[in-house]
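Just below is one structure, and these are the notes that go with it.
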Amino acid sequence: MSGNYSERVTHHRTAANNFFKAAAVLVVGTAGAAIPLFASLHVSLNLRGGTQWEQFVRDLVIRLFFLGILSYALAFCVRNYRVNKHLEVVNQQKTNALDTYPLLTEAAISDTARDLIAAELVRTVFEPGDTGYLGEDQERTVIDNQAGLLGAILNRPGG
């Protein structure tokens, strides 16, 4: 039952580890690049002449541009690490729920209890999970948004 989610756990764990390694390399690379880039930026400003000031600003903008590219790549890797860790944990929760479902239904003493267990399983499998890797505002799904829209339509006067 939970084989599909188990495969996803492994996939997202591998992807998260790869993004983590890439982020670590980019942290070292960004710090390593910043030192020689700015160490070679000599400041000898002659404000009256203007040419040295213009050259300084030009050199600074170029260096900041390349550091910005490295910083963007770092932010991209960190974001994808967090997303994949979130998906790994969510899929592991679903796997656990599906694996324990038969045990819980066998232990149920009535059909009502089995129905409650099945309802809780469906909620656990299909509800977006909170893992702490992503903020609550980032965990909105299309279904959640449509349910809110449908509720607003049904609750309006004359609807």
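The values are calculated or read from the model by the stated rules, or taken from the named source; none is laboratory data. Please read all numbers here as calculations on a predicted model, not as lab measurements. Cβ coordinates were reconstructed from backbone atoms using ideal geometry, including for glycine residues, and neighbour counts include every protein chain displayed. Accessible surface is based on the protein model in full, side chains and every heavy atom, while ligands, DNA and RNA are left aside. Shrake-Rupley method; radii C 1.70, N 1.55, O 1.52, S 1.80 Å.
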- Message: Return the residues of segment 113-128 that are surrounded by 13 or more Cβ atoms within 10 Å (Cβ to Cβ) and more than 19 Å from the chain's Cα centre (by Cα); say none if nothing qualifies.
- Response: ALA113, ARG114, LEU116, ILE117, ALA118, GLU120, LEU121, THR124, VAL125
- Among all residue pairs at least 6 apart or on different chains, which show Cβ distances below 8 Å where the first residue, located in segment 71-88, is under 18 Å from ASP130 (Cβ atoms) and among the hydrophobic types (A, V, I, L, M, F, W, C) and the second is open to solvent by 40 Å² or more (accessible area, probe 1.4 Å) and not in a helix (DSSP H, G or I)? VAL83/TYR133
- Item | Members of segment 76-112 found to be assigned to a helix (DSSP H, G or I), small (Gly, Ala, Ser) and either open to solvent by 30 Å² or more (accessible area, probe 1.4 Å) or in contact with a His (Cβ under 8 Å, 6 or more places away or on another chain) (or both), listed by number | ALA107
